[in-house]
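Undergrad: My questions all concern the structure below.
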Amino acid sequence: MNFQSLPFQDPECQKLWQQARQETAEVRAEIQNRADLNFLKVHRAFQETQLSEAVLAGTTGYGYDDSAREGVDSLFARVFGAEAAAVRMQWVSGTHAMTSALRGNLKPGQTLVSATGAPYDTLLPVIGVPQAGVGSLASIGVHYREVPLQQGRPDLQAIEAALDETTGMVFLQRSRGYTWRPSFSLETLSQVIEVVRRKLGDKVTILVDNCYGEMVELREPSQLGADIVVGSLIKNLGGTVVPTGAYVAGRTQAVENCMAAFTAPGLTGHVGPTLGLARTMAQALSLAPQTVGQCLEGLVVASWLFENQGFETSPRWNEPRTDTIQAIRLGSVDGQRLFCKAIQSMGLVDARATPVSVVQPGYRDPILMAGGTFIQGSSAELSADGPEREPYVCYLQGGTSRMHVELAAVSALQALRKSECYQ
Ligand SMILES: *Cc1c(COP(=O)(O)O)cnc(C)c1O
């Protein structure tokens, strides 16, 4: 590699980077192999769907008979090995789609059981904890029970004990969110699903928050018996190019219930124009295996580098990955700020901005976010964020090219090494 053209100078960092690349070669080859297999899966979905360019312009207005929408739904259903899927730009975020899935599949008097501890920050107001705010599930009489993790893992016995005839839905979150815990492998999720089915059979709806997990392993939770799987299109499956939207995939009835809550009973998934965006959505799906693979390769190098310099990382560089997030424990607000500023400075746009923490809608603590991204808040693009609270962790994620992730990681390391935050 020609180091002359690098945007940072510390020779020690350059040496470390070389070493990181060499030592991680085998782990990264395995990631590339997985990306190849996932591409084959996506390719097969396209071959079976037979999308025609002539329909991709989509429709306007109500979006009746929008063949582009139906085509993309069919692609997603096939990739997820699911009976049905709905991919909609009218969902403003993953939280919005999750809210539709929860509202549509829960009735007053039923209990929602979260089997993987506290759900992601933005879902708490949706559920209505700690307060039953306007529009929350709690405000319409849906009860909530949370089974804490045991040493960072789902507690199978406690989950079984928490289930009873009032349980309407079991919620599982695959990725770590803003918590210092491992993301869950499909193997782990599958153990939970088995416990739930053994006790309650098909009467209960199992929902998986799949954010950041897509295309990281070779299958998706819908193939392990989850009824409905939900994610955002400004994360993995947007391939860094879809400007907005989210998806759900799963059993026909669960998806239908979700769509009744999203649009209106009677309308369900039969409306919603694609306004030309279905082209990008389909294209993005074809890109996703590779963008996810590149991101993961970059994160492995980043993890190696920070671990080597004495920082605690999760996952460690050679641990199996089940989401596209690399957590790095900085230990202080100053460390988080330096880290995020360095990541921002390596962005493709807004590189001169300095991230400042703010309390965003739906979040509890001020959050520092670095994202020199083309799409606002896109975390499929190179970005880093972290809530300003113990243990002062930054979550590094996204990136279309492994080189971009590595550049950013080395430059953050260099900034930290020059500062007092360096341990
Ligand atoms: C990002 C995320 C969400 C919510 O997605 P938004 O699109 O930001 O609303 C939910 N759960 C997890 C684990 C996430 O990472």
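Undergrad: Which of the residues that make up region 347-392 are among the hydroxyl-bearing types (Ser, Thr, Tyr), touching a residue at least 60 places away in the same chain (Cβ under 8 Å) and more than 14 Å from the ligand (Cβ to nearest atom)?
TA: Residue satisfying the conditions is 392 alone.
Undergrad: To continue, here is another question. Residues 138, 132: which one is on the phi < 0 side of the Ramachandran plot, touching a Phe, Trp or Tyr at 6+ places or on another chain (Cβ under 7 Å) and not β-branched (Val, Ile, Thr)?
TA: Details: 132 fails: touching a Phe, Trp or Tyr at 6+ places or on another chain (Cβ under 7 Å).
Only one candidate qualifies: 138.
Undergrad: Going through 254, 264 one at a time, which residue ends up being more than 30 Å from residue 294 (Cα to Cα) and surrounded by fewer than 19 Cβ atoms within 10 Å (Cβ to Cβ)? Walk me through how you get there before you give the answer.
TA: Numbers: 254 fails: surrounded by fewer than 19 Cβ atoms within 10 Å (Cβ to Cβ).
Criteria check complete, one pass: 264.
Undergrad: So residue 216 passes all but one of these: (1) free of Cβ contacts under 8 Å to residues at least 24 places away in the same chain; (2) assigned to a loop (DSSP other than H, G, I, E, B). Which condition number does it fail?
TA: (1)
Undergrad: Still on this structure, please answer the following. Tell me which residues, restricted to region 71-111, are within 16 Å of the ligand (Cβ to nearest atom), surrounded by 24 or more Cβ atoms within 10 Å (Cβ to Cβ), of a type outside the set (Ser, Thr, Tyr) and closer than 30 Å to residue 153 by Cβ.
TA: Listed by number, the residues that qualify are 94, 97, 98, 101, 102.
Undergrad: Could you tell me which of the residues 420, 388 is among the charged types (D, E, K, R), modelled with pLDDT under 95 and either surrounded by 22 or more Cβ atoms within 10 Å (Cβ to Cβ) or in contact with a helix residue (DSSP H, G or I) (Cβ under 6 Å, 6 or more places away or on another chain) (or both)? If you could, list the steps in order and put the result at the bottom.
TA: Details: 420 fails: either surrounded by 22 or more Cβ atoms within 10 Å (Cβ to Cβ) or in contact with a helix residue (DSSP H, G or I) (Cβ under 6 Å, 6 or more places away or on another chain) (or both).
None of the others qualify; the one that does is 388.
Undergrad: Okay, next question. Tell me yes or no: at least one residue of region 257-267 is in contact with a Ser or Thr (Cβ under 7 Å, 6 or more places away or on another chain) and in a loop (DSSP other than H, G, I, E, B). Give the steps one after another, and end with the answer.
TA: Here is the first cut: in region 257-267, the residues in contact with a Ser or Thr (Cβ under 7 Å, 6 or more places away or on another chain) are 258-262.
Checking which are in a loop (DSSP other than H, G, I, E, B) leaves us with none.
No, because not a single residue in region 257-267 is in contact with a Ser or Thr (Cβ under 7 Å, 6 or more places away or on another chain) and in a loop (DSSP other than H, G, I, E, B).
The values are calculated or read from the model by the stated rules, or taken from the named source; none is laboratory data. These numbers were taken from a predicted model, which means no experiment stands behind them. FYI the Cβ positions are ideal-geometry reconstructions off the backbone, even for glycines, and counts take in every protein chain you see.
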